[in-house]
């Protein structure tokens, strides 16, 4: 857990704020957002696709599938964006997705560990997050934290629309009884409320 804390702190200190701000603007203004993250990084991809769907709508966010990404990106173009999440040992298909997006002239945001990673070389924008962990797998604490920061920043750029989206979702979730309890935890707030 101390390693996770260290990864988050180093990610915060080393984050290229210009790349981050450009990524937020791209996500907020793109026609469609395609999200790629598989194997261990699927957790980061799922978080991004679900949270961005809540904010922007299901018609704007698409989760890329390993066997269908060519077909899914066929109609994508310069007004869209692809988020590719990949960390060592860099799954070969993740690199192929980044290459295909580049061939199609689709801007991309690479979420990875280094500007020297294979997907960073293909990405329009690169957001680096530390993932070192002395274990059999990488740490995703910093990449998840970075993904949360991206989603929050996108929500804040379109504050009124984000609040409206969350109000609709809360109403739907209450009506369809999505959650066991309709009560929010004490002290919890609707996102983005002042």
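Readers should treat all values here as calculations from the given coordinates under stated rules, not as data from a laboratory. Predicted model only: the values in this text are computed from it and were never measured. Glycine also receives a Cβ, built like all others from the backbone with ideal geometry; neighbour counts cover every protein chain displayed.
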Practice item. Please work out the FRET efficiency for the pair residue 172 and residue 75, using the Cβ-Cβ distance as r and a Förster radius of 30 Å; give the result to the nearest 0.05. Key: 0.55
Study note, to complete from the structure: Largest first and rounded to whole Å, the semi-axes √(5λ) derived from the alpha carbon gyration tensor of region 76-181 read 30, 20, 13
Point to revise | the chain: angle of helix 17-29 to the longest principal axis, Cα-based, in degrees nearest 10 | key: 60
Study note, to complete from the structure: Taking Cα atoms only, helix 141-157 is inclined relative to the longest principal axis of the chain by an angle, in degrees rounded to 10, of 60
Review point. Once both labels are modelled 7 Å past Cα along the beta-carbon direction, what's the residue 180-residue 13 spacing in nm?
Key: 4.0
Review point. Please state the relative contact order of region 2-158 as a whole percent: Cα pairs under 8 Å, 6+ residues apart?
Key: 29
Point to revise | Euclidean distance between Cα centres, region 81-120 to region 146-173, Å | key: 26
Point to revise | Rg over Rh [alpha-carbon atoms, Kirkwood Rh] for region 2-158 | key: 0.93
Check your understanding: Which angle between 0 and 90 degrees, to the nearest 10, do you get for helix 2-14 versus the longest principal axis of the chain when only C-alpha atoms count?
Key -> 80
